[in-house]
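A short write-up of the structure that comes next.
The values are calculated or read from the model by the stated rules, or taken from the named source; none is laboratory data. Just so it is clear, the model here is predicted, and its values are computed rather than measured. Please note: Cβ atoms are built from the backbone with ideal geometry, for glycine as well, and neighbour counts cover all protein chains shown.
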């Protein structure tokens, strides 16, 4: 997968996609499988914003029971099923425990009713999943004894037990996006990161392409298209307003969804749902305050999610030290045994997602519920332009397929229906995950540690041997980046085959180096030397890249 800006302008594409987050990438993959000529441009790195900073949960729709939103329950369960099948190396079942106290809304009675209703509504949630390890079990109630075995430090006053249900968890969100992108490029998509769309090209009332600036060279080029899909997420409305003078109605509201990572571990493999401070004003049935989640992930615990309406430009949000202190305080009140402090936060993640309509200053916020696909010919009289704004990573494939359906109709093409629901993505051709991992570990090359090969197997799936081949011709790439499980070969592969252009691309999105926090100065410098050697950086450029990466880690 090579970055070739000139190829973008070589011909008139059926579809040009602006935005290389998970929704735009899924649309590129879907359209290419249908035989369309597709180009994809991204102003920064692929999946560097909201897509990379998700809470890593693939929602099956259980919480939508509170809203009696049967459509979202069915859609979410269906999409979770698909991800468990097409990306078994990257998406796995996650057990979650919800404590029950007393009786009534806080007790096991309401939880039992919820689990039963959900299981009945999602009876087909494991259809087509041949690997038992990837199936989502029925929810069930746990006794007081079973609950305390899992979480012995829970508040015991009025504790009667708990409910256990399962959702999905993403092992590595940026690598999921990269797997989709690699699949798309393999079937003909021309993609480029650091290619900022600066103008919609128009002929009268029709959009006929985009103008883009190469962020690495400054070169401007025109990319002709029969249809343009604006898939730039929280930037979508800003681009329409700035580049076309168009407004959407209703105007979108966006939330800064934030979570944090801590190396403090939970006592077992189950996530824990604890009640925070705010309520869901849209819930028809509610147990009280909204749940926060403490989730085991890799060798860390994820805590979240916190929501705040963001009114500024999409790139102008952050998570401050005071924000984190409030998050920590809420977790410590909800689950005192964790006893977190600011020093325990190794990384925060945050991104912008569409939100509901809320009164200014409200503490109990209404969340966004539906993705939007806008045909601008219908509302603005502009042909050849579609905007897609997605709500949840879980449904990115489905929403992208609907956007491509619309593009196909505009092209008046006799194209096949979407096949992304049944086509494994790059690395996903695995029949049984446990057997695959065990075989990979057993036959790993001499000198490659078990933890390293396991990480390779999960990150790259059935394509992991692409990394190991470097070791045959360049034995020095078998060395590890200091204080990590990352092979030097992974860094080189990221530059040669995965379009990494900056140090941050490798550290945060192509490898596990910054999975849970700062890997240390030795690791960063070693990585910078490798990337710089591949891209011809001088010492000044390496120093700049290192400063940029260091600034991304929390410092208190």
Failed item, numbered, when residue 94 is tested on (1) in contact with a strand residue (DSSP E or B) (Cβ under 7 Å, 6 or more places away or on another chain); (2) under 13 Å from residue 168 (Cα atoms); (3) in a helix (DSSP H, G or I): (3)
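Among the listed residues 278, 262, which satisfies the condition of being under 19 Å from residue 65 (Cβ atoms) and either at pLDDT below 95 or touching a strand residue (DSSP E or B) at 6+ places or on another chain (Cβ under 9 Å) (or both)?
Details: 262 fails: under 19 Å from residue 65 (Cβ atoms).
Only one candidate passes the filter, namely 278.
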Candidate set from the range 328-349 (those that are closer than 21 Å to residue 256 by Cβ and not in a helix (DSSP H, G or I)); member that is nearest to the chain's Cα centre (by Cα): 349
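Within the group 474, 490, 498, which residue is modelled with pLDDT of 95 or more, outside the structural domain of residue 38 (by TED's automatic domain parsing), more than 30 Å from residue 383 (Cα to Cα) and surrounded by fewer than 20 Cβ atoms within 10 Å (Cβ to Cβ)? Lay out the reasoning, then the answer.
Numbers: 490 fails: surrounded by fewer than 20 Cβ atoms within 10 Å (Cβ to Cβ); 498 fails: surrounded by fewer than 20 Cβ atoms within 10 Å (Cβ to Cβ).
Selected residue: 474, the only one of 474, 490, 498 that is modelled with pLDDT of 95 or more, outside the structural domain of residue 38 (by TED's automatic domain parsing), more than 30 Å from residue 383 (Cα to Cα) and surrounded by fewer than 20 Cβ atoms within 10 Å (Cβ to Cβ).
Let me confirm something: among 524, 546, 530, which residue is without any contact (Cβ under 8 Å) to a residue 60 or more places away in the chain, surrounded by fewer than 20 Cβ atoms within 10 Å (Cβ to Cβ), out of contact with any strand residue (DSSP E or B) (no Cβ under 7 Å at 6 or more places or on another chain) and part of a helix (DSSP H, G or I)? Give the steps one after another, and end with the answer.
Values: 524 fails: surrounded by fewer than 20 Cβ atoms within 10 Å (Cβ to Cβ); 530 fails: surrounded by fewer than 20 Cβ atoms within 10 Å (Cβ to Cβ).
Of 524, 546, 530, the one residue that is without any contact (Cβ under 8 Å) to a residue 60 or more places away in the chain, surrounded by fewer than 20 Cβ atoms within 10 Å (Cβ to Cβ), out of contact with any strand residue (DSSP E or B) (no Cβ under 7 Å at 6 or more places or on another chain) and part of a helix (DSSP H, G or I) is 546.
Given the condition at pLDDT 95 or above, out of contact with any helix residue (DSSP H, G or I) (no Cβ under 8 Å at 6 or more places or on another chain) and either part of a helix (DSSP H, G or I) or crowded, with 22+ Cβ neighbours inside 10 Å (or both), answer yes or no: does some residue in the range 173-180 qualify?
Let us first name the residues in the range 173-180 that are at pLDDT 95 or above, namely 173-180.
This time we only want the ones that are out of contact with any helix residue (DSSP H, G or I) (no Cβ under 8 Å at 6 or more places or on another chain), so: none.
No, the range 173-180 has no match at all.
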Among (1) without any contact (Cβ under 8 Å) to a residue 24 or more places away in the chain; (2) within 30 Å of residue 260 (Cβ to Cβ); (3) exposed (fewer than 15 other Cβ atoms within 10 Å of the Cβ) - the single one residue 453 does not satisfy: (3)
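Do we have residue 190 as outside the structural domain of residue 339 (by TED's automatic domain parsing), within 29 Å of residue 82 (Cα to Cα), surrounded by 20 or more Cβ atoms within 10 Å (Cβ to Cβ) and out of contact with any helix residue (DSSP H, G or I) (no Cβ under 6 Å at 6 or more places or on another chain) here? I'd like the intermediate steps shown before the answer.
Details: outside the structural domain of residue 339 (by TED's automatic domain parsing): yes; within 29 Å of residue 82 (Cα to Cα): yes; surrounded by 20 or more Cβ atoms within 10 Å (Cβ to Cβ): yes; out of contact with any helix residue (DSSP H, G or I) (no Cβ under 6 Å at 6 or more places or on another chain): no.
Taking the combined requirement at face value, the residue does not satisfy it.
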Residues of the range 193-206 classified as part of a strand (DSSP E or B) and either in contact with a helix residue (DSSP H, G or I) (Cβ under 8 Å, 6 or more places away or on another chain) or more than 17 Å from residue 232 (Cβ to Cβ) (or both), total: 8
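Restricting to the range 375-394, what's the tally of residues that are more than 23 Å from the chain's Cα centre (by Cα) and assigned to a strand (DSSP E or B)? Let's see the steps before the verdict.
The initial filter retains those residues of the range 375-394 that are more than 23 Å from the chain's Cα centre (by Cα), namely 375-385.
In the following step, the residues that additionally are assigned to a strand (DSSP E or B) were identified as 375, 383, 385.
Qualifying residue count for the region: 3.
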Conditions (1) touching a strand residue (DSSP E or B) at 6+ places or on another chain (Cβ under 6 Å); (2) under 23 Å from residue 553 (Cα atoms); (3) buried (at least 17 other Cβ atoms within 10 Å of the Cβ); (4) modelled with pLDDT under 95; number of the one not met by residue 338: (1)
Index of the failed condition, residue 418 passing every other in (1) surrounded by fewer than 23 Cβ atoms within 10 Å (Cβ to Cβ); (2) outside any loop (DSSP other than H, G, I, E, B): (2)
Residue among 39, 132 that alone is buried (at least 18 other Cβ atoms within 10 Å of the Cβ), modelled with pLDDT of 95 or more and either within 30 Å of residue 226 (Cβ to Cβ) or outside the structural domain of residue 226 (by TED's automatic domain parsing) (or both): 39
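Determine whether the range 112-125 contains at least one residue that is in contact with a strand residue (DSSP E or B) (Cβ under 8 Å, 6 or more places away or on another chain) and closer than 16 Å to residue 269 by Cα.
We begin by selecting, within the range 112-125, every residue in contact with a strand residue (DSSP E or B) (Cβ under 8 Å, 6 or more places away or on another chain); these are 112, 114-115, 118.
With the extra rule that they be closer than 16 Å to residue 269 by Cα, the set shrinks to none.
No, the range 112-125 has no match at all.
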Criterion (modelled with pLDDT of 95 or more, touching a strand residue (DSSP E or B) at 6+ places or on another chain (Cβ under 8 Å) and loosely packed, with under 15 Cβ neighbours inside 10 Å) met by exactly one of 269, 296: 269
Unique residue being closer than 22 Å to residue 463 by Cα and either outside the structural domain of residue 150 (by TED's automatic domain parsing) or surrounded by 21 or more Cβ atoms within 10 Å (Cβ to Cβ) (or both) when the list is 85, 125: 85
Residues within the range 221-244 that are under 11 Å from residue 200 (Cα atoms) and out of contact with any helix residue (DSSP H, G or I) (no Cβ under 7 Å at 6 or more places or on another chain), tallied: 9
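Each row is one residue, and each column tells you yes or no for (1) touching a strand residue (DSSP E or B) at 6+ places or on another chain (Cβ under 7 Å); (2) farther than 29 Å from residue 15 by Cα.
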site: 411; (1), (2): yes, no
site: 422; (1), (2): no, no
site: 444; (1), (2): no, yes
site: 454; (1), (2): no, yes
site: 458; (1), (2): no, yes
site: 464; (1), (2): no, yes
site: 485; (1), (2): no, yes
site: 499; (1), (2): no, no
Cβ-Cβ under 6 Å pairs, at least 6 apart or on other chains, the range 128-154 side in contact (Cβ under 8 Å) with a residue 40 or more places away in the chain, far side exposed (fewer than 14 other Cβ atoms within 10 Å of the Cβ): 133/434; 153/337
The one condition in (1) part of a helix (DSSP H, G or I); (2) crowded, with 19+ Cβ neighbours inside 10 Å that residue 514 fails to fulfil: (1)
Residue tally, condition assigned to a loop (DSSP other than H, G, I, E, B) and buried (at least 18 other Cβ atoms within 10 Å of the Cβ), over the range 425-443: 5
Residue check for residue 484: farther than 22 Å from residue 49 by Cβ and assigned to a loop (DSSP other than H, G, I, E, B): yes
Matching entry among 47, 28, 100 (being in a strand (DSSP E or B) and either under 20 Å from the mean Cα position of the chain (by Cα) or touching a residue at least 12 places away in the same chain (Cβ under 8 Å) (or both)): 100
